[in-house]
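I have placed the structure first, in the form of structure tokens, so that the comments after it can refer back to it.
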Amino acid sequence: MKTNNSASIVERMVIPHTAFAEARQRIEQCFAFSAAKAEGEGLLIVGESGTGKTSVLKSFQLNHMPTRGCDGMEIPILYASVPPMPTVKSLAGVMLAALNAPDSERGTENEKSRRLRILMKETGTRMVMIDEFQHFYDRGKRQIMLHVADWLKVLIDETRSTLVVAGLPSCRVVINENEQLARRFMASIQLPRFSWTDSRQRGEFISILEEYHNQIAKDFSLPKLYSEELAFRFFLATGGLMGYLSKLLRTTLRDAADRKRASITLEDLNIAHARAMWFDATVQEQLRPFEKGFRPEVTVDALNRATRIGTVADLPEKPTRPRSGMRKAESINAALVAA
Ligand SMILES: Nc1ncnc2c1ncn2[C@@H]1O[C@H](COP(=O)(O)OP(=O)(O)OP(=O)(O)O)[C@@H](O)[C@H]1O
Ligand SMILES: [Mg+2]
């Protein structure tokens, strides 16, 4: 009988594909030299939704977890996720909470900033990771973007820490708001979606499927996920995004466990695909590549449809309505990704 443990094989896997491993290695290098540097340093990880930005940060953080020393807790890495509609004060609150500060919501912006700097020194924090950084861009207020960029520059200079920022491509705009902050940043790290037409990336996508296959095959019988033909169906189903690929496989295994089945077929993948993916009822163009009778042919149309998976371009525009701040932020993300 298939257990929940078998069904969560995919959740437990982190696949260090080339871009992922490179990102982790760049973070590692900054971390290793963080004690010796003359000024604060910054690293930006950008990529579309589901390319693995948070996974890179979390997998690195896992290797440097807090420890209890004789002088209290050591927290080498502070991970904070920017809340929606952020201010510097609310970000400082989230960062204080990440260092286990009591009453992290209490105090003015200045008080919080001061407490944060003291606490970072006490806990030996050498790296600050800020995820979902595009929320500062989505906020749409230039003053807030300027302010957070200034604030971060001062924070990393005063604490000599390394700042790792992750977000959708629009978050670059925030870093550019302060030339001194921008100067402290290294070249950014891109986490791309995989492409089918680039042979190296296609090979990598197929290798990822092979890794999934080998793990899943320990508990389930299944078709060869990494055959060129099936891999292409997966590409069309997921747009080459790790987020959708892992979600599709996760859903497939959960369905199999629910039905107490030890085998996975193309039809199971088809059902899981329909259940796992966000389909917009008004968009007719999404493919059902695991459906019986679907011909997996590499056409420009099929590739274009796959590339649009996960982008806001999937949403039909309403030409007469004025665009809100959020829509503007989304469209710059799509434009920056396409550039
Ligand atoms: N290298 C990887 N190996 C295994 N699973 C991965 C990998 N990269 C991403 N995933 C999975 O894909 C999903 C999305 O990843 P993640 O949350 O890191 O993306 P993200 O770039 O942070 O997206 P968002 O911008 O929406 O926050 C997660 O379920 C994660 O487990
Ligand atoms: Mg994320």
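The values are calculated or read from the model by the stated rules, or taken from the named source; none is laboratory data. Bear in mind that the values here come from a model prediction, so they are computed numbers and not experimental data. Glycine gets a Cβ as well: all are built from the backbone with ideal geometry, and neighbour counts include every protein chain shown.
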What is the one condition in (1) within 27 Å of Arg200 (Cβ to Cβ); (2) assigned by TED's automatic domain parsing to the domain that holds Pro76; (3) away from ligand 2 (no atom under 14 Å from the Cβ) that Lys37 does not satisfy? (1)
Among (1) out of contact with any Asp or Glu (no Cβ under 6 Å at 6 or more places or on another chain); (2) farther than 20 Å from Phe31 by Cβ, which single condition is Met120 missing? (2)
The one condition in (1) free of Cβ contacts under 8 Å to residues at least 12 places away in the same chain; (2) more than 16 Å from ligand 2 (Cβ to nearest atom); (3) not hydroxyl-bearing (Ser, Thr, Tyr) that Lys121 fails to fulfil: (1)
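Table: residues versus (1) within 19 Å of Glu109 (Cα to Cα); (2) assigned by TED's automatic domain parsing to the domain that holds Glu111; (3) in contact with a Leu (Cβ under 6 Å, 6 or more places away or on another chain); (4) of a type in the set (A, V, I, L, M, F, W, C).
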{"residue": "Asp138", "(1), (2), (3), (4)": "no, yes, no, no"}
{"residue": "Lys141", "(1), (2), (3), (4)": "yes, yes, no, no"}
{"residue": "Met145", "(1), (2), (3), (4)": "yes, yes, no, yes"}
{"residue": "Ile156", "(1), (2), (3), (4)": "yes, yes, yes, yes"}
{"residue": "Thr159", "(1), (2), (3), (4)": "yes, yes, no, no"}
{"residue": "Thr162", "(1), (2), (3), (4)": "no, yes, no, no"}
{"residue": "Ser170", "(1), (2), (3), (4)": "no, yes, no, no"}
{"residue": "Val174", "(1), (2), (3), (4)": "no, yes, no, yes"}
{"residue": "Glu177", "(1), (2), (3), (4)": "no, yes, yes, no"}
Single residue of Lys58, Lys53 found to be under 30 Å from Ile216 (Cα atoms), within 16 Å of ligand 2 (Cβ to nearest atom), of a type outside the set (Val, Ile, Thr) and out of contact with any Leu (no Cβ under 7 Å at 6 or more places or on another chain): Lys58
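Would you check if Arg68 is more than 16 Å from ligand 1 (Cβ to nearest atom), among the basic types (Lys, Arg) and within 30 Å of Gln143 (Cβ to Cβ)? Lay out the reasoning, then the answer.
Numbers: more than 16 Å from ligand 1 (Cβ to nearest atom): yes; among the basic types (Lys, Arg): yes; within 30 Å of Gln143 (Cβ to Cβ): no.
Judged against the criteria, Arg68 is not a match.
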Given (1) away from ligand 2 (no atom under 16 Å from the Cβ); (2) among the hydrophobic types (A, V, I, L, M, F, W, C); (3) under 24 Å from Arg172 (Cβ atoms), where does Ile130 come up short, assuming only one miss? (1)
Residues (free of Cβ contacts under 8 Å to residues at least 40 places away in the same chain and surrounded by 15 or more Cβ atoms within 10 Å (Cβ to Cβ)) located in segment 169-200: Glu177, Asn178, Ala182
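Considering segment 174-197 alone, what residues qualify as being assigned to a helix (DSSP H, G or I) and of a type in the set (S, T, N, Q)?
Step one: list which residues in segment 174-197 are assigned to a helix (DSSP H, G or I), which gives 174-176, 179-184.
Across segment 174-197, the qualifying residues are Asn176, Gln180.
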Could you list, in sequence order, the residues of segment 133-155 that are more than 16 Å from ligand 2 (Cβ to nearest atom), under 14 Å from Gly42 (Cβ atoms) and buried (at least 19 other Cβ atoms within 10 Å of the Cβ)? Val148, Ala149, Leu152, Lys153, Leu155
Answer yes or no as to whether Arg261 is of a type outside the set (Val, Ile, Thr) and more than 16 Å from Ile9 (Cα to Cα). no
For segment 9-59, enumerate the residues that are within 12 Å of ligand 1 (Cβ to nearest atom), closer than 16 Å to Val164 by Cα and not small (Gly, Ala, Ser). Phe20, Glu22, Arg24, Ile45, Val46, Lys53, Thr54, Val56, Leu57, Lys58
